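Asker: Have a look at the structure that comes next, please.
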Amino acid sequence: MRYLSIAGSILLVSCKLVSSGDTRTSASFKPSDKKASSSDKEGDTTTVGDDKKTDQTGGTGLLPDLSEVLNAGLSSRREIKALYKEMDDEAFQSKWNASLETPASFFQSFAKVWYQDLKTVSDMPATGMCLGDPHPESFGTVWFSDGFRYVYQQLDDVGSCPVAFDILRYLVAANLTLEDPDALKQLIDTYLSEVKSPTFSLSIPDKFMGDIDSKRTEILEQTVDREDFRTDNSDLKSLSNDEKREIREALESHFNDPTIDVLDVIQRLRDDRGNAGVLSYNALIDDPNHNGMEVVELSQLLDPVVAMLVESQKDDTNRLKQAVDVIWGSGSDAVHFGSLKINGDDFLMRSRSRYHVTMSTLTKGEQLELMKLQVTMIAQVHGDLVNTDEALAWLLTATTIMSERYLSLHNSHK
């Protein structure tokens, strides 16, 4: 496999970042002067953009030497398991087995390892709004009240962190996927170009948007029998009437719409990747305002991974609202999305009728095409906190160091 290296050695770069209290317009994914992400019926693209501002906070403003991570990072399965206290042995083993498929899947499966690694860095870069766990399969199509839009999907880990580490996480995932130094350089150039000269809009080809209606039908056919969940799936568990009633009442209170019926609720037992070990449910609802029956998932909200570096980010309601405003655009109304309390705990509700491209189904050229769009979106959230003359060299070097770190870690357990 080919990963980026620079002259056969590791180049270390340290430089100043813009770290003032300045703000800039953040063109996330919703334009103010046109319908959000509405598909062009005469063409084959979907347009996205935004007019929001991203508040940015302090930080040291340094692009740090990451070589210390190579010596201080976690290495054993036992150490990694210790970060995931919410998971029992069976759930962790399932997640572990699935993660070993490729270096990229291993890297994407253990975001906490990434942040634990970065806790060893002496000088933290400037902080701002971060996606938290950005990688090429964390973007996709979401159903909004004004149409389908291509957005960053995983808002549960969004928060404040050193933004240089946020784009770096994405680039490492991309590098482990593409295995092409030239392609990585193109991604970094695209990101920095958007940072320095914002375009505030881009077009998403329809081939990356997916078919949400077909996805919805597929999920219903696989999981529902008439108006109840099927119970012949070992990954699902029936609930008592009291448990169902409690969740049904929480949903009805959240919807506050007597036309929406909550038909059934079931517990999800296993998820090999993102939600492994997290208490979660599926709810079957009938919403006449949005095409009738729909499966929504309810996942317990844990502390966002960015809180491992920047604390005091545990107010999930306000944090999610800010994430929606900054990343999706103020006033964005995703269908069947929001936070609610069940038994005193915070849960994130999302429609299961969402779509993301599996990168392994694309050609290398298509992967790079889609990733360029994604790094543009990330730049629109980050603003100019990584806008320095030395940023290109640092991102190339840091991506090399961290890619080699996780490639080695994956191979040691394969």
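The values are calculated or read from the model by the stated rules, or taken from the named source; none is laboratory data. A quick note: this is a predicted structure, and the numbers were derived from the prediction, not measured. Ideal geometry is used to build each Cβ from the backbone, glycine not excepted, and the neighbour counts take in all protein chains shown.
Asker: Could you grab me the full set of residues in the range 245-268 that are over 26 Å from the mean Cα position of the chain (by Cα) and among the polar types (S, T, N, Q)?
Answerer: Across the range 245-268, the qualifying residues are SER253, ASN256, THR259.
Asker: State which residue is modelled with the highest pLDDT when the search covers only the range 200-214 and only residues that are assigned to a loop (DSSP other than H, G, I, E, B) and touching a Gly at 6+ places or on another chain (Cβ under 8 Å).
Answerer: GLY210
Asker: Conditions first: (1) of a type in the set (Ser, Thr, Tyr); (2) closer than 20 Å to GLU297 by Cα; (3) modelled with pLDDT of 90 or more. SER408 passes all but one, so which condition is the exception?
Answerer: Exception for SER408: condition (2).
Asker: For the range 102-121, enumerate the residues that are farther than 12 Å from MET402 by Cβ and of a type in the set (A, V, I, L, M, F, W, C).
Answerer: Within the range 102-121, ALA104, PHE106, PHE110, ALA111 qualify.
Asker: From the residues in the range 66-106 that are within 23 Å of the chain's Cα centre (by Cα) and basic (Lys, Arg), which one is surrounded by the fewest Cβ atoms within 10 Å (Cβ to Cβ)?
Answerer: Here the residue is LYS85.
Asker: Quick check: is even one residue across the range 159-171 in contact (Cβ under 8 Å) with a residue 60 or more places away in the chain, outside any helix (DSSP H, G or I) and within 27 Å of SER351 (Cα to Cα)?
Answerer: yes
Asker: Then there's this: Determine which member of the set SER109, SER145, SER138 is within 30 Å of ASP213 (Cα to Cα), outside the structural domain of ASP325 (by TED's automatic domain parsing) and in contact with a helix residue (DSSP H, G or I) (Cβ under 6 Å, 6 or more places away or on another chain).
Answerer: So the residue among SER109, SER145, SER138 that is within 30 Å of ASP213 (Cα to Cα), outside the structural domain of ASP325 (by TED's automatic domain parsing) and in contact with a helix residue (DSSP H, G or I) (Cβ under 6 Å, 6 or more places away or on another chain) is SER109.
Asker: So how many residues does the range 172-183 have that are under 20 Å from ASN411 (Cβ atoms) and part of a helix (DSSP H, G or I)?
Answerer: Residues flagged as under 20 Å from ASN411 (Cβ atoms) and part of a helix (DSSP H, G or I) within the range 172-183 amount to 8.
Asker: Would a scan of the range 211-218 turn up a residue that is surrounded by fewer than 17 Cβ atoms within 10 Å (Cβ to Cβ) and under 22 Å from the mean Cα position of the chain (by Cα)?
Answerer: Yes, the range 211-218 contains at least one residue that is surrounded by fewer than 17 Cβ atoms within 10 Å (Cβ to Cβ) and under 22 Å from the mean Cα position of the chain (by Cα).
Asker: Looking at the structure I just gave you, is VAL375 surrounded by 15 or more Cβ atoms within 10 Å (Cβ to Cβ), under 17 Å from the mean Cα position of the chain (by Cα) and of a type in the set (Val, Ile, Thr)?
Answerer: yes
Asker: Within the range 341-362, does at least one residue satisfy the condition of being under 19 Å from GLN186 (Cβ atoms) and without any contact (Cβ under 8 Å) to a residue 12 or more places away in the chain?
Answerer: Yes: one or more hits.
Asker: Let me ask another. Checking THR376 against (1) touching a strand residue (DSSP E or B) at 6+ places or on another chain (Cβ under 6 Å); (2) more than 18 Å from GLU194 (Cα to Cα); (3) hydroxyl-bearing (Ser, Thr, Tyr): exactly one of these is not met. Which one?
Answerer: Among (1) touching a strand residue (DSSP E or B) at 6+ places or on another chain (Cβ under 6 Å); (2) more than 18 Å from GLU194 (Cα to Cα); (3) hydroxyl-bearing (Ser, Thr, Tyr), THR376 violates only (2).
Asker: Using the structure shown, decide if LEU407 is touching a Leu at 6+ places or on another chain (Cβ under 8 Å), surrounded by fewer than 21 Cβ atoms within 10 Å (Cβ to Cβ) and free of Cβ contacts under 8 Å to residues at least 12 places away in the same chain.
Answerer: Here the answer is no, as LEU407 does not meet what is asked.
Asker: Among the residues of the range 240-254, write down those that are within 21 Å of ALA334 (Cβ to Cβ) and touching a residue at least 12 places away in the same chain (Cβ under 8 Å).
Answerer: Passing the criteria: ILE247, ALA250, LEU251, SER253, HIS254.
Asker: While we're on this one: Of the numbered conditions (1) modelled with pLDDT of 95 or more; (2) under 27 Å from ASP146 (Cβ atoms); (3) touching a Lys or Arg at 6+ places or on another chain (Cβ under 7 Å), VAL265 fails exactly one; give the number of that condition.
Answerer: (2)
Asker: Pairs under 8 Å by beta carbon, first residue part of a helix (DSSP H, G or I) in the range 215-237, partner at pLDDT below 90, six or more apart or different chains?
Answerer: Close Cβ pairs satisfying both conditions: ARG216/ASN291; THR223/ASN233; THR223/LEU236.
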